[in-house]
Amino acid sequence: MRDKIKIALRELYGNEKTNLDRVFIEVITEGLLISEWFEKEKWATFNQVVFELNSIGEIKKAQELQYYLTDNNDPIIACLTIIERMGNKNNELARLYEKITTFNVNFYE
């Protein structure tokens, strides 16, 4: 399953060009392998935020979020903070923001 997830992520993002890309793929893969469904949903949503930022050309914001997600920061707070800084530029980010606000904060506790 791990290899299938990595292949799908590489198809989505392309081959890893930096160490950050490699670590991000690892973190998302591990998040998607968690046994609890609601935890998988969280990691899939965090990945959607990074993908959406990339798709609208906000590459630096996507990389900043990748860094936060790979550095043991609370991913919920990291995603919400990045999206808040974007303002209301994008309906999909607004939808993801609302979804993430329903997740429990203090992810790592």
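Details
- Within region 60-75, being within 12 Å of the chain's Cα centre (by Cα) and in a helix (DSSP H, G or I) holds for K61, A62, Q63, E64, L65, Q66, Y67, Y68, L69, T70, P75.
- Among residues of region 1-37 being of a type in the set (F, W, Y) and within 15 Å of the chain's Cα centre (by Cα), the one that is nearest to N91 (Cα to Cα) is Y13.
- Top-ranked residue of region 16-25 - restricted to ones that are surrounded by fewer than 19 Cβ atoms within 10 Å (Cβ to Cβ) and either among the aliphatic types (A, V, I, L, M) or in contact with a helix residue (DSSP H, G or I) (Cβ under 8 Å, 6 or more places away or on another chain) (or both), ranked as farthest from D71 (Cα to Cα): E16
- Test: A78 is in a helix (DSSP H, G or I), in contact with a Phe, Trp or Tyr (Cβ under 8 Å, 6 or more places away or on another chain) and of a type in the set (G, A, S): yes
- Annotation note: Cβ proximity below 7 Å between a residue of region 80-96 that is closer than 11 Å to L65 by Cβ and a residue that is in a helix (DSSP H, G or I) and among the hydroxyl-bearing types (S, T, Y) (sequence gap 6+ or interchain) occurs for L80/Y97; I83/Y97.
- Residue within region 49-70 that is within 19 Å of N104 (Cβ to Cβ) and touching a residue at least 60 places away in the same chain (Cβ under 8 Å) present: no
Bear in mind that the values in this text are calculations on the coordinates, not laboratory data. What you see is a predicted model; the values in this text were computed from it and never measured. Quick reminder, even Gly has a Cβ in these numbers, built from the backbone with ideal geometry, and neighbours come from all protein chains shown.
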